[in-house]
Structures are given as structure tokens and as C-alpha cells.
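Comments concern the structure below.
The values are calculated or read from the model by the stated rules, or taken from the named source; none is laboratory data. Computed from a predicted structure; not experimentally measured. Don't worry about glycine lacking a Cβ; one is built from the backbone with ideal geometry, like all the others, and counts go over all protein chains shown.
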Amino acid sequence: MLTLFGRSARMCDGIDRRSFLQIGGLVGGLGLPDILRAQAASPVDLSHKAVINIFLAGGPPHQDMWDIKTEAPAEIRGEFSPIATSVPGIQIGECFPKLAAIMDRLVVIRSVVGCSGAHDAYQCLSGWKRNDLRSIGGRPSIGSALARLKGPVDPGVPPSVALAARTSHVPWSEPGSPGFLGPAWQAFRPSHEGADNLRLNGVTLDRLHDRRALLTSLDRLKRAADISGSLEGMDAFNQAAFGVLTSSRLADALDITQEPQEVRDRYGDGKPYKYQYDGAPTCNDHLLIARRLVEVGVRSVTLSYGRWDSHGANFDLVRHHGTRLDQAVSALVTDLEERGMLDDVTVLVWGEFGRTPRINKQAGRDHWPRVSCALMAGGGMKAGQVIGSTNRLGEYAVERPVDVQEVVATVYHNLGIDPMTTTLTDPTGRPQFLVNKRIPVAELV
């Protein structure tokens, strides 16, 4: 990994800037050269469609966000009222006025079914339950499948990146499993502790703000390696890894200080953080970083946003998390559109399950895997619509149930991958479809 030494400077997700700029992504004993060797054996598709998968860890309350139940009794309805959107006839919760204003670019799915009920990101990142094919490593995430099927857009930029820093409840910050593909196809984690160190001597955090100083140190490191003869002794993949780690493209994409202040203000920073506990902060910066990563060639970005496990104080939590999510996602969608990227980038916002219709004694909602919700944008989809509905109490889907795997199949379709025919070969030599329910949501494509 790449480590920049210097004084600590706290970042949005509670880690310091030094840790965030430790460029790693190494698990299972594999270093970046090993990953590059594996990727060299796969096809390379230079077309660039991408997905930004925003995981609402803990299970967001569907009936307080996109599916307000005005006709339900008070013990179910809750405290929020619906507001009109830019699409006549579509209403969403009052905490999301900025998203309501761009509803013509969004899709709300109110009838997501097939949730496993597990408190983790596995299903949202892959479409599969954790135990499926577990004996041979499990199913690969969307990002890992993309890396295997399409390779990198740019040799200096990893195809799949996971931004979430480690949470106390670790499964809420999963990067997406490579499954049976093996660790060579894992997501690249900028804040991950890796096995190999590439130390840039002489670069402090104070000097990090001076981009010229950083690039000069990178150049000095390369020259020093050349003089010492260490580069000559490396094989091609070690040299390629060295190039990735000393390239400015990835480091620049991770550095939002290069963005105009006006753009950063549009996204916000999500502070002050509240209701985080053992989960992720409401780090709006990560959505801006996600756009910057996609811009330089990343195909899949995953991140964990907030901690939505609202067994108590549900409505206070939604007011806090919801307004920040509203600002960040609306900024992301608008930003992608203004840059001409929206048709090529699928934005997916969802959690592992929904919440109980009935409000408990702690003013909270409990786990409810029977139905949940999703918000989508971009990817060339037919936007400005709501798909599916639940009954009057928000207990179950009554119109157009949409399975988790159908959502994932739609993402693959948007990425230019045919989920009906595309397979990955598992370690036993058997072809495995990306999902079992392979037909994308017809209303969207």
C-alpha cells in the first residue's frame, strides 16, 4: 500500500487522513502485483459504464422515506407527511425535498422482496444470500464480477473501489466479496491495512495540501528506484503495481480539496454525525469521491452511508440521516447529469431490509425482511416513476413485487452485461450465472 506519514487530520468517517491515504486493498496474502497478474488474464473492455452502490446499513424504514402511509393508523403511520415531487402523482417523505425536486430523474421501487434478513451488505452488493455456494467461496459481488468480466478502464485505476471504512459492526462496511473468483478480484480499499508498504519518505500531511510537492516526491521515489536498480529487478506486474501506487490519478480522485468549493458545498459533509453507534457516519464526502472515482475510470464504487437500525428514536434518526442523504444523493445525480455521465452511471440506494409497520415502545421500528425499498437513478433507465406498492399498512408488496436479484440484474444490464447469458466459471469448472432471476426490471429498461 501507499502510506503518507505526518500528523493526524480527522476525516469524515472517523479515520485520519493518514489512514485514508494508505492505498491498500490487499487480503488473503495477495499483493497488488498478484491482482494485476490475475486481471491481465481477463478481457479488457474500455467502454465505461459504472455503478455507485450506496448501502444504507441497518435497514432503512421504507414507510418513512419513499412509501408514506397516510391512511394507516397513528401507531403505524408515524410522524412524517408526504410531499409532492416534480412528477405529478408521485409523493415521497418530507425529509427529502431535494430528491422530490428531481424525481423525473429518479426511480422509486416500493416493493423490494427476497431480503435474507441478515444484518450485512452481502446481498445488496451481490444479489445473493451469504450461504449460497459458500463451500467454494460464495458468490462474487457486482464489483468483483465487473473486474473479472471487463477489466480496468485504465491500467492505473482499479475497476472496483470500496470507500467504507471499517465499522464496529464489520458486516456493515463490507467492500463486496470476490466470492469464488478469489481475492485477486476484490475491491480496492483506500483505507485498508495491507500487507505491503510503499512508503513515500518526506511527504507529510502538511505538504499533502501542496499537490506539486506530492508529485515531486512521487517522481523522486521513481527515480530513486531506477537508480537503485530495484525496478529492473521487478517483473512486469510488480512494475505495473508500482505504477498504480505512484500514479497521481487515483490519489487525485480521492482528494476532494481539488473540487471547487461550490461543488463541495452542494454535496455537504453530512456533519454533525449522530446515531452512528456501530455503523457508518453520514459521510456526504464519499458520494463526491465516488463521482470523482468513476470519472477517472472506476467501474464500481460501494459505500456505506449512515446507521439505519432504528429500534429506537426512529423519527429523529430519519430526520438526521434523511436530510443529509437527500442533499448528497440529489447533488450526485445532478452532478452526474451536468457532466453528461448520468446515462452511463447507475446510482443505487438501498439497505438490507425494511422496518416494521408498527412503531415500538421506544418510538422505533424493528427488522422487517418481508418488504423494503430502493431508489435508483441513471444508467439509461426510464426514470420519473414508482414501481410496485405495499398494502395500506406497509406490511407486504401487493403490486409488482421486485426481487433483490431483479434489481441486481437491472444494474448488470445497465452496465452492458447481459444477465440472461453471462456466466462466471467457478473453481469446479462449472459456469455460474450472475443472478438466478436474470430478467431486468422491464419497466426500467
Considering only residues of the range 78-113 that are free of Cβ contacts under 8 Å to residues at least 40 places away in the same chain, out of contact with any Ser or Thr (no Cβ under 7 Å at 6 or more places or on another chain) and not in a loop (DSSP other than H, G, I, E, B), which is surrounded by the most Cβ atoms within 10 Å (Cβ to Cβ)?
Ile83
Within the range 104-150, which residues are under 18 Å from Pro183 (Cα atoms) and of a type in the set (Ser, Thr, Tyr)?
Tyr122, Ser126, Ser135, Ser141, Ser144
Residue under evaluation Thr334, criteria (1) within 18 Å of Asp67 (Cβ to Cβ); (2) of a type in the set (Ser, Thr, Tyr); (3) surrounded by fewer than 23 Cβ atoms within 10 Å (Cβ to Cβ), criterion not met
(1)
Find all pairs meeting these conditions: Cβ atoms under 6 angstrom apart; at least six residues apart or on different chains; first residue within the range 412-432 and closer than 19 Å to Ala184 by Cβ; second residue part of a loop (DSSP other than H, G, I, E, B).
Gln432/Asp426
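Just checking, does the range 164-179 include any residue being aliphatic (A, V, I, L, M), within 30 Å of Asp309 (Cβ to Cβ), modelled with pLDDT of 80 or more and not in a loop (DSSP other than H, G, I, E, B)? Give the steps one after another, and end with the answer.
If we filter the range 164-179 for residues that are aliphatic (A, V, I, L, M), which is where we start, we get 164-165, 170.
Then drop every residue that is not within 30 Å of Asp309 (Cβ to Cβ), which leaves 164-165, 170.
From the residues that got through so far, the ones that are modelled with pLDDT of 80 or more too are 164, 170.
Narrowing the set further to residues that are not in a loop (DSSP other than H, G, I, E, B) leaves 170.
Yes: the range 164-179 contains one or more residues that are aliphatic (A, V, I, L, M), within 30 Å of Asp309 (Cβ to Cβ), modelled with pLDDT of 80 or more and not in a loop (DSSP other than H, G, I, E, B).
Could you list, in sequence order, all residues of the range 326-349 that are in contact (Cβ under 8 Å) with a residue 60 or more places away in the chain and either touching a His at 6+ places or on another chain (Cβ under 8 Å) or over 13 Å from Leu106 (Cβ atoms) (or both)? Give the steps one after another, and end with the answer.
Narrowing the range 326-349 to residues in contact (Cβ under 8 Å) with a residue 60 or more places away in the chain: 326-335, 337, 342, 344-349.
Hits for the range 326-349 are Gln327, Ala328, Ala331, Asp335, Asp344, Val345.
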Just a yes or no: is a residue in the range 413-425 more than 17 Å from Arg139 (Cβ to Cβ), not in a loop (DSSP other than H, G, I, E, B) and not basic (Lys, Arg)?
yes
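Here is a yes/no grid of residues against (1) surrounded by fewer than 24 Cβ atoms within 10 Å (Cβ to Cβ); (2) more than 29 Å from Phe180 (Cα to Cα); (3) among the small types (Gly, Ala, Ser):
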residue	(1), (2), (3)
Ala374	no, no, yes
Ala377	no, yes, yes
Gly394	no, yes, yes
Thr410	no, no, no
Ala442	yes, yes, yes
Breaking point among (1) more than 18 Å from Asp403 (Cβ to Cβ); (2) among the basic types (Lys, Arg); (3) touching a Gly at 6+ places or on another chain (Cβ under 9 Å); (4) surrounded by fewer than 24 Cβ atoms within 10 Å (Cβ to Cβ), for Arg365
(4)
Note on the range 271-300: residues assigned to a loop (DSSP other than H, G, I, E, B) and in contact with a strand residue (DSSP E or B) (Cβ under 7 Å, 6 or more places away or on another chain) are Ala280, Val296, Gly297, Val298, Arg299
